[in-house]
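The values are calculated or read from the model by the stated rules, or taken from the named source; none is laboratory data. On a predicted model such as this, the values are computed, not experimentally measured, just so you know. With ideal geometry, Cβ positions are generated from the backbone for all residues, glycine too; neighbour counts draw on all protein chains shown.
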Amino acid sequence: MKRISRAWQLYVLLAPAIVYILVFKYWPMYGVQIAFKNYNPVDGFTDSPWVGLTHFIRFVNSYQFGQVVGNTLWIAVLGLLVAFPIPIILALLVNQLQSERFKKFTQTVLYSPAFISTVVVVGIMFVVLSPRSGLVNNAIQLGGGEPIFFMGSAEWFRPIYVISDVWQNAGFSMIVYLAALAAIDPALHDAAKVDGASKLQRIRHIDLPGIMPVVTILFILAIGNLLNVGFEKALLMQTPLNISTSEIIQTYVYHAGLQQAQFSYSAAIGLFNSLLNLALLLVFNTIARRANQATLW
Amino acid sequence: MSLTTNPRTTENRSRPLSQFRPKRTLRDKYGDRAFNIGATAVLLLSILAVVYPLYFIVIASISDPNAVYEGKVWLLPSGVTTEGYERIFADSRIWNGLGNTVIYTVLGTAVSVSTILCGAYALSRKDMPGRKILMLLFVITMFFDGGLITKYLVVRDLGMLDTVWAVVLPGAVGVWNLIIARSFFEHTIPNELREAAQMDGATDFKFFFQMVLPLSKPLIMLMIMVHVVAQWNSFFDALIFLNDDSKYPLQLVLRNILIQSDVSSTGTTGGDIESYAAAQRIAELTKYAMIVVSSLPLMIALPFMQKHFTKGAMIGAVK
């Protein structure tokens, strides 16, 4: 008790942050109970009547269930397979550059799109991919092809989504790996050079193992956020014409919940999403631990 | 080492040291050179892929919309016009949005950075009772989240809908940033310094404000920039929490003009097709200009921020 009273000033410093997470993180968690209730504004979180798993059953049986969950997994997995390794490859290549100036220049250019807002990136996609006047379609027509209505076609949604993600974020993610590469002891490289190792061999046997802990941690974090990332972009990219591939769990929650005011139903779907995420995270963290890699805890 | 990396110097051959070079060096040197060429080529292509779309938008924004439409604009603008920019600067929605964004950015950054710095410092103190439990409380929120709907209901119940606070507060404290700040304090503020200060009678407040903060300038810069960029670019909280369009931040205004208008106009072909097409082209021109104007402030600031972000990545990588 005496220790606590002596540290009261530290608690004062921490108080705003604590109040913040209690109000904006834990209060909504408490409110998650509406997923099992028929929420009505008059009774609030606590007093609305319980309905058990009704909303979950309704979601699982709804005709959108397969489509929405499928779309979510498609985007998530595609994003992970394509967008996760590219920054690592870029970092390994940039790290091997001999000219410091070219190195710096490459870094700055590659990560500059990260500062463009998602709204503007999607805006860029709409103008550049426009079927009437877009750059890409002009090029296609120049080559004698037929213009493609990219933003209004369901087949193109996934490729465009993933490519634009790489375009925007790969350079920024690269920096973390570059930092990890810079921390590798140069003596290892010198020793390998003396032994006659080529650049590729040094990348494989020194650089890659050296950044593996960082790779694993970022991979686990990416898995933990697998179903959350990019929701804003998916929402922005949605048009009535591509809805069959662009409607993911989170955008569905937004439409059903906030636009149609089905609070309980969409809270249930949101909870489904969070639990799925948590499960994935736990599974992959366990795998990483078994494989003796770095883990989150 | 310069002996092996500089093949053009012939005098190396006569030096006795060269005899100790491993036999495979010569062959691998060609392998390495091929690798260098390949790596440089890949990186140059990536740079082009990043830069060209942006460059195209800049030249398209000052070109005659008909030339863009006909695919005549590739490397240089054609039929230079400033009409796109004139239209934007005449649009009150843009100015209003810009004003709101500045307010939200300043306010949001001030709230977030001060909360994070104070909280992270307290959590970095190993002698703080209950530190582990409190930290766990924060970390849990990284992995489990109440979801969009309940967050919306909480904000509504607090009576914050349609107020500045709905944009500033709900996303104020990112736990990831808190962890970065905490590990920065743990690594840069020596315990001995605090003990010495306490000997001299400094309280925790005094120590934090007069010694820790001045020693943490790189961290403070990083935190300010992260939050400025995030607030400047955010639109989603505004989308769900604001109904009154006079409070919309710039990004939401941009979304309505850049993205929404495109969707609605694709279906409405009717009336005078000629003039409709002309209006369409002017609208496209305005979009190019709008993309330039809205991205320019951060792009100009980028070189100044670069140093701090790279440093930030190092701090983050330590964790």
Residue under question is A:Gly143, and the condition is that it be facing chain B (nearest Cβ under 7 Å) and either surrounded by fewer than 16 Cβ atoms within 10 Å (Cβ to Cβ) or touching a Lys or Arg at 6+ places or on another chain (Cβ under 7 Å) (or both); does it hold? no
Only one residue in A:Val121, A:Val109 is within 7 Å of chain B (Cβ to nearest Cβ) and either surrounded by 15 or more Cβ atoms within 10 Å (Cβ to Cβ) or at pLDDT 90 or above (or both), so which one is that? A:Val109
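Can you tell me which residues in the stretch B:138-156 are in contact (Cβ under 8 Å) with a residue 24 or more places away in the chain and either aliphatic (A, V, I, L, M) or buried (at least 21 other Cβ atoms within 10 Å of the Cβ) (or both)?
We begin by selecting, within the stretch B:138-156, every residue in contact (Cβ under 8 Å) with a residue 24 or more places away in the chain; these are B:138-139, B:141-142, B:148, B:152, B:155.
Passing the criteria: B:Phe138, B:Val139, B:Met142, B:Leu148, B:Tyr152, B:Val155.
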Of all residues in the stretch A:255-271, how many are more than 7 Å from every other protein chain (Cβ to nearest Cβ), touching a residue at least 24 places away in the same chain (Cβ under 8 Å) and within 11 Å of B:Leu148 (Cβ to Cβ)? 1
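Of the residues A:Ala234, A:Ala261, A:Ala267, A:Ala279, which single one is assigned to a loop (DSSP other than H, G, I, E, B) and of a type in the set (Gly, Ala, Ser)?
Numbers: A:Ala234 fails: assigned to a loop (DSSP other than H, G, I, E, B); A:Ala267 fails: assigned to a loop (DSSP other than H, G, I, E, B); A:Ala279 fails: assigned to a loop (DSSP other than H, G, I, E, B).
Answer to the check: A:Ala261.
Could you please find all residues in the stretch A:48-72 being in a helix (DSSP H, G or I) and either at positive phi or free of Cβ contacts under 8 Å to residues at least 40 places away in the same chain (or both)?
Keep residues of the stretch A:48-72 that are in a helix (DSSP H, G or I), which gives A:54-61, A:64-72.
Result: A:Thr54, A:Ile57, A:Val60, A:Asn61, A:Phe65, A:Gly66, A:Gly70.
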Enumeration of residues in the stretch B:102-155 that are more than 8 Å from every other protein chain (Cβ to nearest Cβ) and more than 27 Å from the chain's Cα centre (by Cα): B:Lys126, B:Arg131, B:Lys132, B:Ile133, B:Leu136
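Would you mind listing the helices (runs of 4 or more DSSP H) fully within the stretch B:131-184 where at least 3 residues are closer than 29 Å to A:Trp8 by Cα?
Numbers: elements: B:131-143, B:148-157, B:164-168.
Qualifying helices (runs of 4 or more DSSP H): B:131-143.
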Please find, among B:Ala238, B:Ala289, B:Ala301, B:Ala230, the residue that is assigned to a helix (DSSP H, G or I), out of contact with any Cys (no Cβ under 8 Å at 6 or more places or on another chain) and at pLDDT below 90. B:Ala301
Per the list (1) out of contact with any strand residue (DSSP E or B) (no Cβ under 8 Å at 6 or more places or on another chain); (2) buried (at least 17 other Cβ atoms within 10 Å of the Cβ); (3) more than 30 Å from B:Asp32 (Cα to Cα), residue check on A:Gln67 breaks on (2)
If B:Asn66 satisfies all but one of (1) under 26 Å from A:Ser164 (Cβ atoms); (2) within 13 Å of chain A (Cβ to nearest Cβ), what's the number of the condition it fails? (1)
Step by step: first the residues of the stretch A:96-117, then only those that are in contact (Cβ under 8 Å) with a residue 24 or more places away in the chain and in a helix (DSSP H, G or I), then the one that is nearest to A:Leu208 (Cα to Cα). Which residue is that? A:Gln96
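For B:Glu70, indicate whether it is in contact (Cβ under 8 Å) with a residue 60 or more places away in the chain and of a type in the set (D, E, K, R). First the steps, then the outcome.
Numbers: in contact (Cβ under 8 Å) with a residue 60 or more places away in the chain: no; of a type in the set (D, E, K, R): yes.
Criteria not met by B:Glu70.
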